[in-house]
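The values are calculated or read from the model by the stated rules, or taken from the named source; none is laboratory data. Treat the numbers as computed from the prediction; the structure is a model and nothing was measured. Note that each Cβ is placed from the backbone with ideal geometry, even for glycine, and that neighbours are counted across all protein chains shown.
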Amino acid sequence: MKKGILTLLCVLMIGLPVFARGSRQKTQSGPAYGYITQSLEFDWCKSSADAFQYAAQQKGVRAIVMDPQNDLEKAMSQFEDLVNQGVDGISIYTLTPELDKQMADRARAAGIPVVFENSKPSPDTDYIACVACEYADIGYAAMKYISEKYPGAKIFYCQGSPGMGVLEEYMIGVEKGLKDFKNISIVEQQPTDWGAEQALNVTQNVIQSGKQFDVVFANNEQMATGVLVALKDAGLAGKVKVIATGGSPQGLEAIQKGELDATMSAPVCIQGVTTFKNLWMAVNGRKPEKFTPLPILPIDKSNLGDAILWTSYDKAFDYIGGIN
């Protein structure tokens, strides 16, 4: 009996250093923040993720970036993985109102601070902070620009994907713009998955339907690349004006080349560093702003030099005043 007790004590004593090393490992590795995007295939998402990682490096934080590739089930699985890893906080790219709330409730139960980026979560979601474009304002700005530059325009609106809240916000601004600027009209609108291939396909379909339009408003610059291919194939390149949103390096280059006519620029690098700052403040017991909007600037060839590059992470970091 005594021998059995002694054996058990030895096993426990051997095991203690192992458990001690395990608890010290997390301390030694420093703080870790989770980051869930929509899909790194999209330039907008990748630039924001890169900016988040840049800010994390400045503060000595390990950033764990998760890419669900636009798959909601995968996003939830990756979120659970971050919770099980015991990360100090999580930044979430809004996907759907239901999933946002589910993640926020789960994180709160686990005692993990959560912030959001890219779109405001639904009103019934209990969240700490959010940074995003005011998409309604971008939609309105696009209609205002088209009204001033192309009076009498008949617009094909090549939309993003419904259900995330982003397109719905765009529509608020677009509809308000159409009411205020009566010299323009939308003759067709078609949803896509935010990507170039579907934008190409729906544009081809609209052209083949015989609908007459002289301006395309595309919800991002990747979609605009698909629109431009469809217009070129139909012999309409240069005849139909293309307005997008974003201000990505590719978008600005397309404006410089005369392929894209204008974009409603929003520097997503500011979004990435701001969502990190919001999370940093929350993790360290401080209260960030509930909502921070991104600046919007219409860009065409006449003011190309005024755009803030998406890859200017250091300038974005300086723009928000650093992180203390």
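Listing for the model above:
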quantity: Subset of region 239-257 [in a helix (DSSP H, G or I) and among the basic types (Lys, Arg)]; calculated: Lys257
quantity: Residues within region 139-151 that are more than 17 Å from Gln189 (Cα to Cα) and either in contact with a strand residue (DSSP E or B) (Cβ under 9 Å, 6 or more places away or on another chain) or part of a helix (DSSP H, G or I) (or both), tallied; calculated: 7
quantity: Residues that are closer than 14 Å to Cys130 by Cα and polar (S, T, N, Q), drawn from region 77-107; calculated: Ser91, Thr94
quantity: Extreme residue, surrounded by the fewest Cβ atoms within 10 Å (Cβ to Cβ), among residues of region 229-251 that are at pLDDT 95 or above and touching a Leu at 6+ places or on another chain (Cβ under 7 Å); calculated: Ala237
quantity: Selection from region 283-307 of residues that are touching a Pro at 6+ places or on another chain (Cβ under 7 Å) and under 26 Å from Gly30 (Cβ atoms); calculated: Val283
quantity: Matching residues in region 203-222 - criterion: being over 23 Å from the mean Cα position of the chain (by Cα) and not hydroxyl-bearing (Ser, Thr, Tyr); calculated: Gln204, Asn205, Val206, Ile207, Gln208, Gly210, Lys211, Gln212, Phe213, Asp214, Val215
quantity: Residue match in region 210-218 (condition: in contact with a Lys or Arg (Cβ under 8 Å, 6 or more places away or on another chain), in the same structural domain as Lys154 (by TED's automatic domain parsing) and among the charged types (D, E, K, R)); calculated: yes
quantity: In region 152-177, residue farthest from Phe116 (Cα to Cα) [restricted to those that are part of a loop (DSSP other than H, G, I, E, B) and in contact with a strand residue (DSSP E or B) (Cβ under 7 Å, 6 or more places away or on another chain)]; calculated: Ala153
quantity: Region 153-177 residues that are on the phi > 0 side of the Ramachandran plot, paired with ones that are modelled with pLDDT of 95 or more and of a type in the set (Phe, Trp, Tyr) (beta carbon under 6 Å, 6 or more apart); calculated: none
quantity: Close pairs (8 angstrom Cβ cut-off, 6 or more residues apart or separate chains): closer than 14 Å to Ile155 by Cβ and in the same structural domain as Lys232 (by TED's automatic domain parsing) in region 188-208, basic (Lys, Arg) and surrounded by fewer than 19 Cβ atoms within 10 Å (Cβ to Cβ) anywhere; calculated: Glu188/Lys211
quantity: Filtered residues of region 161-180 (kept if surrounded by 20 or more Cβ atoms within 10 Å (Cβ to Cβ) and more than 15 Å from the chain's Cα centre (by Cα)); calculated: Gly173, Val174, Gly177
quantity: Scan of region 70-117 for residues that are among the polar types (S, T, N, Q), more than 15 Å from the chain's Cα centre (by Cα) and within 27 Å of Asp43 (Cβ to Cβ), ordered by number; calculated: Ser77, Gln78
quantity: Residue in region 91-101 that is within 30 Å of Leu178 (Cα to Cα), of a type outside the set (Asp, Glu) and surrounded by fewer than 23 Cβ atoms within 10 Å (Cβ to Cβ) present; calculated: yes
